[in-house]
Structures are given as C-alpha cells and as structure tokens.
Amino acid sequence: MRRILFLARAEVLHVVRDRATLAQALVLPLLQLLVLSNAATFEIRDVPTYVVDLDRSTTSRTLIDRFVASGHFAIVERSASLELANEALLEGRVTLAVTIPHDFERSLVRAGAAPVQLVVNAEKGSAAGIVQSYAARILSEYASGLGKTLRPTMSNVRSASDHPAPSRGAARIDVSVRSRYNPSLNYKHYMVPGLLVALVTLIATLVSAQNIAREKELGTLEQLNVTPLTRGQFIAAKLLPFWVLGMVDLAVGLAAGWAIFDIPVRGSLLLLFASAGVYLVAALAIGLWISSLVDTQQQAMFVTFFIVNIYLLLSGLFTPIDSMATWVQTVSQINPVRHFVFISRALLVKGAGMSEIARPFGILVLFAVVTLTLAIRQYSKRTA
C-alpha cells in the first residue's frame, strides 16, 4: 500500500505542476458545462412569427399579446394577407404563421368556440413540433381563462389552406396535464445532469490514456516496469489520482449547476457519488485499455474522442433512446455512459432511491470489473 501511495503522490505532484493538465482537468470542464448547458437545449425562444389578424378585436389583440408574453414567440411581421404570410414562410423569414379569422371575438361570445390557424414551417423537423406545442399550450391556457373553446387548426406545411371547423355538436374532452419531476419544464434540469456525466467521462478517459502514453514517449515506463512494483500496484497508483480528480470534477460541476442553473438535488448525494466512484473505475479502465493500444499521446487523444463520441451518441444524452432503432437500443445496453446518465437524472431530478437505480448500478459494477480486468491483461501483454 505504501508503494501505491508513493507513486500516486508523484502523479499528483506532476498534475499540480503541469498547469496545462490541471486546466484541462478542472477549468475546461466547468467552462464546457456553462456553454453546453445553454447550447444543448431543445427549448426554443423568440420564434419569428407572422400574425394575420383578420378580426382586429380586443380579444384577438389580447391573444397575440399572450404569444409575445410567453417569451417563446417574437412577432416580426403583421398583415391582413394570407399570401404575404405564406411568402414569409417560404422565404424562411418566419417559422410560424398565426391566422385569426373574421368574427373571432363574436364566435367566442355567441358560440363559445372559435378557430385559430397555426401554420408551422416543418422544414426543421423536431423543432417544428416544439413550436407547435408551445402555440397549442398558449391557446389552451387562454381559452381556459375565458371559459371558452379555441380550435387550433395546425398545418405543418409551407402554405396556408382553409380547413373546415368541427360542428358545434362535436364531443369535448377536457384533458388535465401534470408535469411531474420538472413542473417548470426547464430543459436545463434535464440536460445538466447528463452533461456532468459527459464531462467526467471525457476527462477521466482522456487524461488516463494520455498519462500512460506520455510515460511511453518519455521512456520512463520501462524503468517503472523493472521496479519491485507489481502490475496491479502500478496501475492502481497511476489511476488513483485521476479517480479522485474525476470525483472533484463531478463535485465542482454539481455545485456550479446548483448555483447557476438551480439544478434540483432531490436524491441522495452519497448514492450519486458512490455510483460515480464505480463509473469512474470503468472510465479509467477504458483509458488504460486505450493506452495499451497506442504509442503516443496524439494517438491516445484521437482514439479517446472516437470512443467517447460513440458513447455519448448512444447514451440518450442528446437524443432519446426510444427514438433509436431497436438494434441500437440493444447495443446501447453495454454503454456505461447510458446507465450513469440514467442514474444521475434519476437521483437529481426525480429523487430516486437505491431500488430504482439498482439495475443500472449493477450493470456499472459488472462493466467496471470486466473492463478493468481486460485492460490490465491487455496492458500486461503490451508491456511485458
């Protein structure tokens, strides 16, 4: 144990003295968290909107004000021409066109219901669905406040067209929606826990891979191999400082997320860091395995980025796993990033306990044991 601590102390001194490595491990992840938390989001604000208000009543103007007050829409053009609205959609100047027909206010007063047409530029795919849901929610809330019914006619096309309104005798279904775990629908509460996992993964894997590759470049690895240190002691001493550094990165990132983005911490922090400890063993083992395959730090960096990119794409961090092909969902089960992202979100956002994360936690333990064993064996073959 003393040998491990002595060599680990030497690694810590090297990291502290090397300002580039220290900045890479501590400062850059924090900066990336601040940038990516605002960039990697599906929340859309200030959608350029074209308004065709054919009614020009107090009620129609109030409805338009609701769109602006939400912060999701910015009225950039207005007119009484559907052709001009279609032209703006075609040229890409606007994403949404809202058409309020003649007698809108009168229909609400007399019949208790009125149509509103929403034309969304669906060229942007999923973003169009988000814009449409924002608009439909505003209409629903406005109608509830009036005690009336608004019938939004939605068209995911580039040109407007008239649609017949449903008959007055049509059945009505009142839907009650409750948003659990994230009632404010703040997307950062969903993204930041996952981004913390991504940054810890990148730092732990890259730094550990480059560290041993640097020893190869300097020729000191052969000198260490002839010392009384066993393979296990050498690897433990090499990886222990970076394990601690990864835990520090997670703690700093979590504190920043709580202070800056108001990220909820509803579950057990002890359980979160215990899961992180197991996960970091797996991430460091992957770095060790990469170092056994390459001879230079540059090669280690390229291989690490290739593997980490695949991990992140299959983790459900940026795209839902449910939207992936069936075979991709099956392959992602062997991805440790997926399971730690799930644990991080479940503990922080949902307040889950051990019973809820038992399965992904068990997979992480198994993955850590298998990858560390294989990495040590591979390392021994390449350096024997």
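Any read-out appearing in this document is the output of simple, stated calculations on the displayed coordinates, not a laboratory observation. Just so it is clear, the structure is predicted and the values come from calculations on it, not from any experiment. We place every Cβ from the backbone using ideal geometry, glycine too, and count neighbours over all the protein chains shown.
Between M354 and L90, the FRET efficiency from the beta-carbon distance, with R0 = 56 Å, is close to 0.50. Projecting the Cα atoms of Q132, S107, A85 onto the charge dipole of the range 66-150, computed from C-beta unit charges around the Cα centre, puts S107 farthest toward the positive end.
Peptides 284-291, 113-120, 64-71 ranked from most to least packed, by the mean per-residue count of other Cβ atoms within 10 Å: 284-291, 113-120, 64-71.
Here's the picture: charge each Lys and Arg Cβ at +1 and each Asp and Glu Cβ at -1 in the range 193-332, and of G267, V200, A300 the one pushed furthest to the positive end of that dipole is G267.
Extending 7 Å from the Cα toward the beta-carbon at both L54 and L313 defines two label points whose distance is 4.7 nm. If the chain linking A255 and L293 were pulled fully straight, counting 0.36 nm for each residue of separation and taking away their Cα-Cα distance, it would gain 10.1 nm. Note on V76 and L146: with the Förster distance fixed at 30 Å, the Cβ-Cβ geometry gives a FRET efficiency of about 0.65. In order along the range 268-273, the phi-based Karplus estimate (6.51 cos²θ - 1.76 cosθ + 1.60, θ = phi - 60°) of 3J(HN,Hα) comes to 7, 5, 4, 5, 5, 6 Hz; Gly and Pro are listed as x. For the listed peptides 92-99, 78-85, 337-344, 365-372, a ranking on the average number of other beta carbons within 10 Å per residue, highest first, reads 337-344, 92-99, 365-372, 78-85.
A Förster radius of 45 Å combined with the Cβ-Cβ distance from T373 to V265 puts the calculated FRET efficiency at roughly 0.85. Counting 0.36 nm for each residue step from V328 to R106 and taking away their Cα separation leaves a gain of 74.6 nm. Only Lys, Arg, Asp and Glu carry charge here, each on its Cβ (+1 for the first two, -1 for the last two); on that basis the range 242-384 has a dipole of about 280 debye about its Cα centre.
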